[in-house]
Every structure is written in structure tokens, then in C-alpha cells.
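Shown next, in C-alpha cells, is the structure this report addresses.
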Amino acid sequence: MSTPVLEVSGLRKSFGKDVVLQEISFEVPVHTATVFIGSSGSGKSTLLRCINLLDGIDDGIINLDGEEISDPRINADEVRRKLGMVFQSFNLFPHMSVMDNITLSPIRVQGIDKEQARSAAQALLSRFGLLEKADQYPDRLSGGQQQRVAIIRSLALKPRLLLLDEVTSALDPVLVNEVLSTVRDLKVEGMTMVIATHEMGFAKQVADEVCFLHQGRIVEYGPPGEVLEDPRDSRTQDFLKRVHEAGRL
Amino acid sequence: MTNPLESTAPKGRASSIGNDIPDWQPSQLELTRKRIRREQNRRNILVAVGSSFLVLGTLVSILITSPGFKSLSDTFFAWAYGFEILPKVILGFTTNLILTVIAATCVSIFGLILALTRTSRSPALTPFRFLATLYVDVFRGVPMLLIILLVGFGIPSLRLRGLTNNVFVLGTTAVIITYSAYVAEVLRSGILTVHPSQRAAARSLGLSNFQTLRHVVLPQALRRVTPPLLNDLVALIKDTGLVSILGVTDAVRAAQISSSRSFNYTPYVMAAILFLMVTVPLTRFTDRTMRRAIERQNAQGLA
Ligand SMILES: Nc1ncnc2c1ncn2[C@@H]1O[C@H](COP(=O)(O)OP(=O)(O)OP(=O)(O)O)[C@@H](O)[C@H]1O
Ligand SMILES: [Mg+2]
């Protein structure tokens, strides 16, 4: 079997005395999606930020394509070029049009020809039904539209691994389905992904593996059929029961 | 008769904001409202004009009828004499303008370097960060007149070879030294107000630290601090008059020379008018920019 795209082992992260993540170990093979679920504050966003080297870790190893990226001597900019990340809250650049948001990195970082970058962006925009918004500024878009542009922006980099942090949390149900089917399309195309979400339906449909995070630890880990349908750990059962009661399932 | 509001009701759920329904006609109610608004506007304008005439007219008549008005206008507002010496003052004023352009250019560059140094977190720059902080603290805390005197009279007294004795160059240098400290602080505050998630987003797209600064942080920061920077520009134009103390023949100095010959203060008034002709439009422009910036920020807060 080939090396997984992402291997995390023994990861620990604390903010001061607050231990936010500990003993985190998992693997993401190529063309698969690993979904992290867990209550608010369990450490999902922090984990994704650590993988993206936006936050330093306190212990453990992160390997990307067999190369250790948690090595402090690594060039973080080069690593991030291989990773796409979409954040929980919108991080579009307000002073740039949608088109410029999407093409900034392809042009500046990957050195792609401007016309080529624009036509690639147009193709992505029309696929997401946002072509007519290309010249708008982010403050003219709805929250859902902003989030879709953020996804497009990270796709434009043709990332090796896509990190999605609650990309559907700000969307209305119609848009959630739209994004969901896009993420499924991405997987069919072979995109490898790590996803944090509160949407259990989304997790069930797109995940190859589901990790349940509780107070910074992976409490349960397995295919969605097991973790989401027939959880063994009592904390997972509790969590899913609460989610179910909240009408999310 | 049908309900007057009915014709404004949206037809079909497909119509989106901004797309006017083609056959829309303002309702009777809206037409009435329009007429009322027009009437209110007209009344407001009448009131404004009336009260302006009353207040300004009163002020002017008090001024003209007061006993000292004759000597006052002879000393300060001898227009015939004023126009006679005006060319000299204008010539001097071009020096102020040239100084402003040179200083503003240098201050932008130097102030930006200082601000970037102070906001950087690179360990290699630690000593420079310390020096930049010291620089800003010192030169913001000392009256500019003192800096002008120190540079203008102090440097020539060193009698070093290669250093200039040209008062214009020395005066300009002193202005640049001081204003760089002000501008650096304005720029730094702008850089600090850009939300950290913007940096995170840029870095996660693979942009380097420098690219993040250049394409994401600085454009947003500059946009936010444009109004205070324009304020500083107005202040800079005025403060160029201070270099006259070194003997630079700027507008102030030219007016001083004329005035000391005739014992009449009209040349100073002429110089003041020249400054106002530049600073007042610029101040109005600043006000407008500031209002726009606030509106934009409020709009962003909603999103
Ligand atoms: N920069 C920081 N400094 C200190 N504590 C932090 C920081 N960032 C996150 N935390 C803490 O780490 C914990 C995990 O936060 P994180 O954002 O990863 O949770 P999450 O699982 O993404 O939650 P949510 O579902 O609400 O997004 C929280 O207790 C939070 O207070
Ligand atoms: Mg989160």
C-alpha cells in the first residue's frame, strides 16, 4: 500500500496551560476523506490549523506524503502551497474582487500566467454557479456565496490535500446541499480531504473515516457506518444523541 | 379603487434585489410622499439661507461699524499693497510646495519602513525594532521647531566635509525626520487593525510573509488610514512654514521681509491666504474621504 497523504501521530497542542489536543493519531490515505466531528471547543479547528502549520505543535509528528512537515526546519510556505484550507469564518480579502481573490495565489505563488489563471477561475466559478459574481467584492455576496468563493479559491491551487473547517455551518439548506454535492464531486475526482463539521448527514455521505473528538482526544475512529450508526464509546453515543435531539441527523 | 400599495408588491419570487420589475409604477401613496419630501426640502433650504444671512450679516456689520475697523483694515488688509508684494510671497510659497512634495515622498518611504520594522516579528530584526521604537518615541515627543534648529544650525556647526550648509536641504531634512515618526505610527495602527484571520487566510494560500504584507495586509491598512494620513499632509504643508526660521525664503520669510520694510502686516495675511487656498480644499477632501471610510467600515460590519 502506498504512503498515506497525511499521517499524524502523537500530536499534542496546548495554549499556555490549556491542553487543546493530545495523543492525536490518524492517517488519511490518498483519495479518501476523514471527517472530524465533536462538540464545540473540542479542538477541530485547532487540529486543522496545526496541519496547515498556522499553529505550532507541542509534540508529535505530521507527515505529508511521507515527508515530515512538523520539522521546524521545513519551509512552511512550500508546504502550504500543497494544502488548501477553507476556514470556518470567511476569510476572503475584502479589498479584492472575487476574481482577484481566486487568482491571487495562482498568479503570485504558482507563477501561472494571468489569463490562464483567470480562465481556470472562470471555469470553477461557473461550476459553482457564481460566474456572474466574478467582479463583485465580497461584501456584496451573501454568506453562502462568500463561503463557496472561499472553496473555489482553495481549489484553484490544485491542492494535494484539502482542509475544510465547517464549510457548511453558515449556509442555508439549499446551499448546504450544493456544497455537499460539490465536495462529493471533488472526492470522486480523487481529492483527499480532512473535514471538520457539525453536519452529521454531511459526514455520513462524504466520509471514509469518521473521528470523534472529545476534549482534544480522538475517542472513536472508524467508518461512518460504525461511528455514526453504532458507536461503542458512551461519549460518542451521548454526543450523537444530543445532535439527534437537536434535529441535525 | 384598488389598494395603492398593491402595485409595489413583488411579482413572482424570482425577482431579485436590484432588478426592477419592468412594469413598476409608483403607487399613489408614494407620489404623495414624494411631493411632501420635496416641500420639506424646499423649506429646509429657505431656513438655512435665511439664518446664514442673518448671522453673517450681523457679524460683518458689527465689524465694519466698530471704532478700530479703519486702523485694523489699514494694518492687515491693505489690499493694494498686498497685491504689490504678492508675487514675492507666491514665489516663496512655491518653496513651501516643493518642500511639501519632497518631504511627503521621503516621509512615505521612511515612515513605511519604520512601521514595517515595528510590526514585524522576525527575530533578526529585533535590534531594528528597538531602534525604530526609540526613534518614534523621541521624534514624536520633541517640538518640531527644536529639531529644525538642531539640524539647521547644529549640523553646519560640525564643519564636517561633505555635509551641506544649504538651509533648504537642512530644513527639509528636519521636517522629514519629524513627520516620519508621526506617519510611522499612523501606518502601524493601520497594520495592526487588519484582522489576524486575513493573514492566516493569505498564508494558507501559500503566500510568503512578504507577499501577505504586500497584497493583503498593506492595501487594507492603507485604505483605513487614508484620512489620518491626509490630515498629516495638511499639517505638513502648514509646518513647512517653520523652516523660515533657518532663513529659507519661503512664503512666511518672504512676507516677513516685506512686512519689516513697510511696518504693515498685510504680507502675512497674503501668505496666510495662500496656505488656506491649498489646505482648505484638502481638508474638505479629507472630510469626505473619512465619511466614506466610516460608511465602508459600517457596511463591512454588517456582512
Ligand atoms: N489562539 C488560542 N488561544 C487560546 N486558546 C485557544 C486558541 N484557539 C483555540 N483555543 C481553545 O482551544 C479549544 C479548541 O478550539 P477549536 O476552535 O479548535 O474548537 P472547535 O472544535 O473548532 O470548535 P467549534 O466547533 O466551535 O468550531 C477551545 O477551548 C478554545 O478556547
Ligand atoms: Mg471550529
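The values are calculated or read from the model by the stated rules, or taken from the named source; none is laboratory data. The model shown is predicted, which means the values in this text are computed figures rather than measured ones. Cβ atoms come from the backbone with ideal geometry, glycine included; neighbour counts cover every protein chain shown. Side chains are part of the model used for accessible areas, which takes the heavy atoms of the whole protein and leaves out ligands, DNA and RNA. Shrake-Rupley method; radii C 1.70, N 1.55, O 1.52, S 1.80 Å.
Below is a table of values for the structure above.
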item: Rounded to whole Å, sorted largest first: equivalent-ellipsoid semi-axes of the range A:94-159, Cα gyration tensor; result: 18, 12, 10
item: Estimated FRET transfer efficiency when R0 is 35 angstrom, pair A:Lys158-B:Leu222 (beta carbons, to 0.05); result: 0.65
item: Binned Cα-Cα distances of chain A, short to long, each 5 Å bin given as a whole percent; result: 1, 6, 13, 18, 19, 17, 13, 8, 4, 1, 0
item: Largest-first ordering by accessible area, 1.4 Å probe, given options B:Leu134, B:Leu246; result: B:Leu134, B:Leu246
item: FRET efficiency, 1/(1 + (r/R0)^6) with R0 35 Å, evaluated for A:Ser181 and B:Arg291 via beta carbons; result: 0.20
item: Centroid-to-centroid separation of the range B:231-302 and the range B:54-129 [C-alpha atoms, Å]; result: 2 Å
item: Point-to-point label distance, A:Asp230-B:Thr126, nm (Cα→Cβ direction, 7 Å offset); result: 5.9 nm
item: Distribution of pairwise C-alpha distances over the protein assembly as shown, 20 Å bins, in %; result: 16, 35, 28, 18, 4, 0
item: Relative contact order for the range A:94-159, counting Cα pairs under 8 Å that sit 6 or more residues apart, in percent; result: 48 percent
item: Backbone HN-Hα couplings from phi across the range B:186-200 [Karplus 6.51/-1.76/1.60, Hz, Gly and Pro as x]; result: 4, 5, 4, 4, x, 5, 5, 7, 6, 5, x, 5, 5, 4, 4
item: GNM flexibility winner over chain A from A:Lys44, A:Lys158, A:Lys17 (Cα, springs under 10 Å); result: A:Lys17
item: Highest-fluctuation residue, B:Leu59, B:Leu114, B:Leu236 considered, GNM on chain B with Cα pairs under 10 Å; result: B:Leu59
item: A:Leu162 long-range amide H proximity, modeled H, under 5 Å; result: A:Gly84, A:Thr192, A:Met193, A:Val194
item: Taking the convex hull of Cα positions in the range A:1-62, its mean projected area over all directions (nm²); result: 4.5 nm²
item: Sites excluded, trypsin sites (Lys or Arg not before Pro) in DSSP loops with at most 15 other C-beta within 10 Å, longest stretch of chain B; result: B:162-303
item: Two-site FRET efficiency, B:Val101 against B:Phe153, from Cβ-Cβ distance with R₀ of 22 Å, rounded to 0.05; result: 0.30
item: Label point distance in nm, A:His31-B:Leu54, each placed 7 Å from Cα along Cα→Cβ; result: 8.6 nm
item: Total charge dipole magnitude, the range B:97-247, about the Cα centre, Cβ charges on Lys, Arg, Asp, Glu only, Debye to nearest 20; result: 460 debye
item: B:Leu91 paired with A:Ser39, simple spin-label distance in nm, labels 7 Å along Cα-to-beta-carbon; result: 8.4 nm
item: Options B:Leu131, B:Thr193, B:Thr65, ranked by Cα towards positive dipole end of chain B, top entry (Cβ charges); result: B:Thr193
item: Gyration tensor over alpha-carbon atoms, the range B:97-247, equivalent ellipsoid semi-axes in Å; result: 33, 17, 12
item: Loop chymotrypsin sites (Phe, Trp or Tyr not before Pro), the range B:232-271, which have at most 11 other Cβ atoms in a 10 Å radius of their Cβ (DSSP); result: B:Phe263
item: Percentage of interatomic Cα-Cα distances in the range B:170-267 larger than 20 Å; result: 57 percent
item: Karplus 3J(HN,Hα) series, Hz, for the range B:276-289 with 6.51 cos²θ - 1.76 cosθ + 1.60 (x for Gly, Pro); result: 4, 4, 8, 6, 5, x, 5, 5, 4, 4, 4, 4, 5, 4
item: Cross-link table A:Lys44/A:Lys187; A:Lys17/A:Lys241; A:Lys13/A:Lys204; A:Lys44/A:Lys133; A:Lys82/A:Lys114; A:Lys114/A:Lys158, entries beyond 24 Å C-alpha to C-alpha; result: A:Lys17/A:Lys241; A:Lys13/A:Lys204; A:Lys44/A:Lys133
item: GNM flexibility winner over chain A from A:Arg148, A:Arg184, A:Arg127 (Cα, springs under 10 Å); result: A:Arg127
item: Convex hull volume of the range B:42-107 per residue (C-alpha atoms, cubic angstrom); result: 185 Å³
item: Extension gain (nm, one decimal) between B:Ile62 and B:Tyr265, 0.36 nm per residue minus Cα-Cα; result: 70.8 nm
item: Hydrodynamic radius (Kirkwood) for the range B:202-249, which is based on Cα pairs only, to one decimal in Å; result: 13.5 Å
item: Computed over chain B: relative contact order in percent, which uses C-alpha pairs under 8 Å that are six or more apart; result: 24 percent
